[in-house]
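Below is one structure, written out as structure tokens, with a few remarks after it.
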Amino acid sequence: MKEKEKQTAQRYIQAVQHYADLMMDKARDRYGAEATPLFVDGVHSETYEPVRWLSEGQTWTLSNLANQQNWLRTLDGLSELTGDSRYKTAAESAVRYSFDNLRYGRLMCWGGHMAFDLERKQQVFAADKGPQHELKCHYPYYELMNRVDPRETASYIEAMWEGHIADWSNLEFSRHGQPDDRNGQEHSAWEQEYKVDSPVFFTGKGLTFINAGSDLYYAAAMLHRFGAKEKPLMWAKRLAHRYVETRNETTGLGGYQFSISVLPGQRGDRAIDQFGEQLKEHAPIEATLTTANQAHTIIGEAALCRMTLTETLGEAGKDFLDWAVQDLMAYGKYAYDFSDYSIHPMLTNGTRLTGLVMEKSGYYGRAGQQMQAHKADYLLLWSYVTAYRLSGREELWTIARSIAEGLGFGNIGDSAVNGPALNMEVQCTHPHGIFVMLELFKTTKQRKFLQLAQKIGDRLLLYRFHRGLFMPSADHEYAKLDALEPLALLHLAAELQGMRSRMPIYCGGRPFFAAAYDGQGHMTDNTFMYTRVKSHAAQ
């Protein structure tokens, strides 16, 4: 390793270590009658007061372990690179305490709508949702959980499937789950009957969204990895294949869900309700109408999740790669626009919906609004480059080149073997930019990508590292414990030191907490709390 790269790596590690030391002090639980090894979800950027949530007159001091998985990865990775076991021990202690004290039946008290109030040391949940277990592209750090307690990790993953799957014969599930009613009786979650010829687009009550489905099949596949048991992997593949079965025979475009969701007396399928007349000739259902955000999840987070399983499981995970690549190819052909670098809302028959003025209000927007395309972002670029590396499909590299150009990176190369003509002054300050460059370096061995990764790392420290905290700006009111910047910097430092294989895997997960907030309605912490700047603090 060159001396300059060694110094750069140490600079990144020292910044992350400074952040971790600060948060291990300021974010550690010191509330209520007793302290625990848990951490608050975020802190005020000047006073270090914890992020609090107002719900039905109560004030919660939030700790949501599902929304701290990158923090746990950062702690673990920091111990790997520094040899200081304090960080690894802190991560393990938080998980151990959660296994012992934060259970919802055999599920965990965590996720999109559940958390733990450190002040009262009690479980809390969204007043407008009820006590619902929900993971949507969270992709927890199961490797750490399994290291702390293999039996409890297996128990949780089994309970997750039991709590969400409504019908094992066709794998109808709900994004919201509750504990099963077996009262701890010994049984196997995987001894169920599945009908291999069960059609998709059946009518059910659950919303079989791929953001929740991918968390289910990721968990089961990881359980196979830990114990080499075949049945969890078999069920993981069955669930992942349900989305494959939704594909249009002509276009290959798959849906965001595989069922028609009807709640008797409340609503029918939401696409039929809103567009049944307006798009009558296409007979749309939710499973055949994909917004730009939903397309992003299919070919972004869910694709990266599947490709991670491929690399983790080896030959046993090859199906996940094939299905991810097929999605990326189809959406690249029909939904991606080379002229403006955007992903368009689609019907899976290939009809673009960009600019469609909604005639009726509903789930997709209000009457008079238009369906919108979204510019392809860093995570989609990362996904396309990874798919190219694993499959060798040149079409994927062509799409990746276009996305990179749209993001200001310049030319990543006419092919993976040609030298790139990069814009080394690109104004990228997103941590996904580092993962993109590391993936390009891994794919091509061109050191220009590693050099640009360092440029982005330097920009992260310059523009997103303030008073020892990682935030979008110095004026932001709250710093999120689960910041991705420190983990990205550790991956970069590890690459510079030839140690990246020892870093905790991150595959694009985007955790969140969403609940009713007094006086505000249903809010999501990522946009409600962590986008606040000081000038808006009083609002």
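Here are some notes:
- When the criteria are applied in full, P511 meets the requirement of being of a type outside the set (K, R), at pLDDT below 95 and buried (at least 18 other Cβ atoms within 10 Å of the Cβ).
- Here the condition is being in a loop (DSSP other than H, G, I, E, B) and either in contact with a strand residue (DSSP E or B) (Cβ under 8 Å, 6 or more places away or on another chain) or open to solvent by less than 20 Å² (accessible area, probe 1.4 Å) (or both); of V436, V426, it holds for V426 alone.
- Residue check, E152 more than 20 Å from A91 (Cα to Cα) and either part of a helix (DSSP H, G or I) or open to solvent by 10 Å² or more (accessible area, probe 1.4 Å) (or both): no
- Residues (touching a residue at least 60 places away in the same chain (Cβ under 8 Å), closer than 30 Å to S188 by Cβ and not in a strand (DSSP E or B)) located in the stretch 103-128: G105, R106, G112, H113
- Scanning the stretch 332-367 for residues that are of a type outside the set (S, T, Y) and not in a loop (DSSP other than H, G, I, E, B) yields a count of 10.
- Residue count for the stretch 219-245 under the criterion of being assigned to a helix (DSSP H, G or I), open to solvent by 50 Å² or more (accessible area, probe 1.4 Å) and either of a type in the set (K, R) or in contact with a Pro (Cβ under 6 Å, 6 or more places away or on another chain) (or both): the result is 3.
- Cβ-Cβ under 9 Å pairs, at least 6 apart or on other chains, the stretch 455-473 side under 13 Å from E46 (Cα atoms), far side open to solvent by less than 10 Å² (accessible area, probe 1.4 Å) and of a type in the set (S, T, Y): H466/S45; R467/S45; G468/Y19; L469/Y19; L469/S45; F470/Y19; M471/S45
- Residue, least open to solvent (accessible area, probe 1.4 Å), within the stretch 251-290, restricted to residues that are out of contact with any strand residue (DSSP E or B) (no Cβ under 9 Å at 6 or more places or on another chain) and within 30 Å of E158 (Cβ to Cβ): Q257
- Residues of the stretch 44-90 that turn out to be out of contact with any helix residue (DSSP H, G or I) (no Cβ under 6 Å at 6 or more places or on another chain) and aromatic (F, W, Y), as a count: 3
- Test: residue in the stretch 310-317 that is of a type in the set (A, V, I, L, M, F, W, C) and assigned to a helix (DSSP H, G or I): yes
- Residues in the stretch 351-380 that are open to solvent by 50 Å² or more (accessible area, probe 1.4 Å) and more than 23 Å from R247 (Cα to Cα): V357, E359, K360, S361, R366, A367, G368, Q369, Q370, K375, D377.
- The number of residues in the stretch 363-392 being among the polar types (S, T, N, Q) and within 14 Å of I298 (Cα to Cα) comes to 1.
- The stretch 408-421 - residue that is open to solvent by less than 30 Å² (accessible area, probe 1.4 Å) and at pLDDT 95 or above and, of those, nearest to Y384 (Cα to Cα): I412
- Against the numbered list (1) over 24 Å from the mean Cα position of the chain (by Cα); (2) open to solvent by 70 Å² or more (accessible area, probe 1.4 Å); (3) more than 30 Å from G130 (Cβ to Cβ), Q17 comes up short only at (2).
- The sole residue among E172, E193, E158 that is touching a Gly at 6+ places or on another chain (Cβ under 8 Å) and among the charged types (D, E, K, R) is E172.
- Any pair with Cβ under 8 angstrom, 6 or more apart, that starts in the stretch 30-50 at a residue that is closer than 12 Å to E119 by Cβ and in contact (Cβ under 8 Å) with a residue 60 or more places away in the chain and ends at one that is part of a loop (DSSP other than H, G, I, E, B) and of a type in the set (F, W, Y): P50/Y31
- Exclusive hit being open to solvent by 30 Å² or more (accessible area, probe 1.4 Å), farther than 26 Å from W190 by Cα, assigned to a helix (DSSP H, G or I) and modelled with pLDDT of 95 or more, set N248, N293: N293
- Of residues in the stretch 469-481 being open to solvent by less than 10 Å² (accessible area, probe 1.4 Å) and in contact with a helix residue (DSSP H, G or I) (Cβ under 8 Å, 6 or more places away or on another chain), the one nearest to L313 (Cα to Cα): L481
- Condition check for T348: of a type in the set (V, I, T), under 21 Å from the mean Cα position of the chain (by Cα) and either loosely packed, with under 15 Cβ neighbours inside 10 Å or modelled with pLDDT of 95 or more (or both): no
The values are calculated or read from the model by the stated rules, or taken from the named source; none is laboratory data. Nothing here was measured: the structure is a model prediction, and the numbers come from that model. Positions of Cβ are generated from backbone atoms using ideal geometry, with glycine treated the same way; all protein chains shown enter the neighbour counts. In case anyone asks, the SASA skips ligands and DNA or RNA and just uses the protein heavy atoms, side chains included. Shrake-Rupley method; radii C 1.70, N 1.55, O 1.52, S 1.80 Å.
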